[in-house]
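Visitor: Take this structure first; my questions come after.
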Amino acid sequence: MQEMKTFRCKDLGLACEFEEKAESENELIKRVEGHVQTAHQMNPEQPEVQEKIRKAMK
Ligand SMILES: [Zn+2]
């Protein structure tokens, strides 16, 4: 069984209960991008935003 990658907004220091899981880092970042854009007005195309998200993944 493949290990799931997990992302939580809390790990970005946000007061948000959003949590997402996916089978790969790339799949997970795709799912998280939509959320951070609409809920936190972050631009996922910015390299520093991408980096923050990747670092917060477990
Ligand atoms: Zn959030």
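Throughout, read-outs are computed from the coordinates displayed, never taken from laboratory work. Given the structure is predicted, the values throughout are model-derived calculations rather than measurements. A quick note on method: Cβ atoms are made from the backbone with ideal geometry, for glycine too, and the neighbour counts reach across all protein chains shown.
Visitor: If you place +1 on the Cβ of every Lys and Arg and -1 on the Cβ of every Asp and Glu, how big does the dipole about the Cα centre of the chain come out, in debye to the nearest 20? Could you put the intermediate results ahead of the total?
Guide: Details: 10 positive and 12 negative charges, 28 e Å.
Dipole magnitude for the chain comes out near 140 debye.
Visitor: Taking the alpha-carbon set of the chain, what are its Rg and Dmax in Å?
Guide: 10.6, 35
Visitor: Here is a follow-up. Can you tally the lysine pairs in the chain where the Cα-Cα distance is under 13 Å and the two residues are eight or more apart, or on different chains?
Guide: Final tally of qualifying lysine pairs is 9.
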